[in-house]
Amino acid sequence: MEAVQRIVIENCAIATVDAKDTEYASGHLVLAGHRIESLGAGRAPEGLENVVRRIDATGHLATPGLVNTHHHFYQWLTRGLATDQNLFHWLVALYPTWARLDEPMVHAAARGSLAMMARGGVTTAVDHHYVFPRGSGDLSGAVIRAARDMGVRFTLARGSMDRGEKDGGLPPDFAVETIEDALAATEETVRQHHDTSFDAMTRVAVAPCSPFSVSTELMRQSAELARGLGVRLHTHGSETVEEEKFCHELFGRGPTDYFESTGWLGEDVWMAHCVHMNDSDIAAFARTGTGVAHCPSSNARLAAGIARVPDLLAAGVPVGLGVDGTASNESGELHTELRNALLVNRLGPHRETALTVRQALRLGTHGGARVLGRAAEIGSLEPGKLADLVLWRMDTLAHASIADPVAALVLGAPAPVTASFVNGRQIVEGGRLRTADEDEIARTTRAQARRLAAIAAQD
């Protein structure tokens with residue numbers, strides 16, 4: 001048997017984000033293959049065998065890799081459009097363009113989205129892809145291929161829509177699927193790509209889009225399919241006041257009660273946004289273990305409102321962070337969401353006590369892992385967990401005068417990523433991707449964005 005190779009990282013501050021929020025002012029980590037073998041204060045132990053690399057991380061903070069729990073990669077090609085609209089008007093403006101997506105466009109957009117996240121400290125990402133125009137090619141395969149090549153741990157939330165314009169929905173009719181086609185394609189995607197192993201790089205979730213683009217029957221059957229296959233469930237929920245009004249008018253109840261009636265609350269479910277929730281809604285999420293992907297920048301961009309994150313956390317609801325699609329969060333980065341989550345929530349009723357810097361970091365790491373059902377594997381720096389971690393440089397002009405490195409990371413300017421590891425493999429070095437050519441990705445995404453705009457303009 002081949003001996004496991006070790007990487008030793010020393011002389012860095014460490015925020016483990018474990019259950020006790022253990023931190024070291026100067027410590028070490030030992031990576032053995034795909035896993036964290038040990039960590040602690042001071043230098044690494046002497047006599048370690050098969051050390052293939054030593055990293056002097058003086059001036060750095062080591063944290064778990066960031067976990068992005070909600071995104072729409074395809075939107076990389078439509079950034080900067082409909083900049084002054086609420087959610088429903090924004091969707092009406094953009095659906096006709098999105099309905100012209102094809103496989104080369106989606107692959108390019110996925111590479112752009114993944115590259116921006118990875119170079120900013122994301123090691124695990126979710127793509128909620130729900131637009132499958134007829135004849136557009138293998139869009140799920142294109143996204144999975146992009147994530148595999150980039151080296152990012154990945155969950156494809158295979159979405160679906162069956163409520164087109166003729167049925168009172170927002171998307172064009174040729175961009176939605178029948179219930180039968182959506183369920184069959186989703187099941188095939190799970191069977192082809194979902195990996196149940198501890199160190200899985202690719203997983204698949206069942207993810208119909210939202211109450212206003214999906215029929216009740218598709219919601220119910222999707223939940224049954226997911227549980228039959230043993231995979232997680234994801235959708236949008238309680239994002240805007242308009243959605244709440246839509247649910248009351250169409251279903252005679254609010255979003256949370258509607259979700260519960262269709263089998264969409266449970267420990268295997270997480271929902272994006274969850275902005276407009278009353279005490280009863282929060283209690284239902286807490287009782288059932290339903291998770292939340294908090295997307296503060298997108299919520300602000302679309303004027304959706306301020307999610308009750310402090311109340312969700314106090315109730316015990318699992319909460320992680322999400323970039324959301326880059327047509328409503330043009331930066332495409334998750335590390336900025338640490339800061340925005342803290343600042344936006346302090347504008348709410350809890351004011352300065354809403355979130356601390358360490359709670360913000362936990363949302364972006366362990367909280368996200370918990371939402372994805374992977375807290376035993378990722379989300380904190382602990383022996384036996386997968387070697388997904390980031391070294392943030394904290395000794396430059398932007399951060400050097402801030403004594404607390406966690407406060408510097410969360411409240412300061414975006415910190416440079418000196419190194420990012422996924423499964424023990426380094427994918428970022430000195431702020432640049434090691435697994436892809438960023439300049440080539442920029443050229444390709446620009447070309448595909450122009451092609452999409454030109455095709456959409458012909459309609």
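Brief remarks on what is shown
- Quarter of the Cα convex hull surface for region 301-442, i.e. its orientation-mean projected area (nm²): 10.1
- Computed about its Cα centre, the charge dipole of region 66-371 is approximately 1020 debye, with only Lys, Arg, Asp and Glu carrying charge at their Cβ.
- Taking 0.36 nm per residue of separation and subtracting the current Cα-Cα distance, fully stretching the chain between ARG346 and ASP395 would add 14.8 nm.
- When Rg and Dmax are taken over the Cα atoms of region 45-99, they come to 22.5, 63 Å.
- Legend: ranking of residues GLU10, GLU377 from fewest to most surrounding C-beta atoms inside 10 Å; resulting order GLU10, GLU377.
- Here the contact order of the chain, divided by its residue count and restricted to Cα pairs under 8 Å and six or more residues apart, works out to 20 percent.
- Top positive-direction residue, dipole computed over the chain with Cβ charges, set ALA369, GLN221, ILE402: ILE402
- Our coupling estimate for region 163-171, obtained by passing each phi through the Karplus curve with A = 6.51, B = -1.76, C = 1.60 and θ = phi - 60°, is 9, x, 4, 5, 9, x, x, 8, x Hz, Gly and Pro reported as x.
- Nitroxide proxy distance, nm - points 7 Å out along Cα→Cβ at ARG53 and THR83: 4.0
- 0 to 90° range, to nearest 10: angle between helix 335-346 axis and the chain longest Cα axis: 70
- Note on the chain: dipole from Cβ charges, positive end direction compared against THR326, TRP90, ALA419; the farthest Cα belongs to ALA419.
- The chain: angle of helix 241-251 to the longest principal axis, Cα-based, in degrees nearest 10: 50
- Between the alpha-carbon centres of region 361-415 and region 208-253 there is a gap of 32 Å.
- Sorted peptide list for 88-94, 324-330, 222-228, criterion being average Cβ within 10 angstrom, highest first: 324-330, 222-228, 88-94
- A simple spin-label model places the labels of ALA413 and ALA314 3.7 nm from each other, with each point 7 Å out along Cα-to-Cβ.
- What the Cβ-Cβ distance of ALA25 and SER197 gives, at R0 = 41 Å and to the nearest 0.05, is a FRET efficiency of 0.70.
- Of the residues MET271, SER380, THR186, the one whose Cα sits farthest toward the positive end of the charge dipole of the chain, with +1 on the Cβ of Lys and Arg and -1 on the Cβ of Asp and Glu, is SER380.
- The alpha-carbon of LYS385 sits under 20 angstrom from the alpha-carbons of these lysines, leaving out residues fewer than 8 places away in its chain: LYS20.
- By the rule of a C-alpha distance below 23 Å, with chain neighbours fewer than 8 residues away ignored, the lysines paired with LYS245 are LYS166.
- Rounded tilt (10° steps) of 87-98 against the dominant C-alpha axis of the chain: 90
- Rounded, prolate or oblate (a/c below 1.5 giving rounded, otherwise prolate when a/b exceeds b/c) for region 66-371 by Cα gyration tensor: rounded
Taken together, the values in this text are just the output of simple stated rules run on the coordinates, not laboratory data. Worth saying up front: this structure is predicted, and the values here are computed from it rather than measured. Note that we place each Cβ from the backbone using ideal geometry, even for glycine, and neighbour counts take in every protein chain shown.
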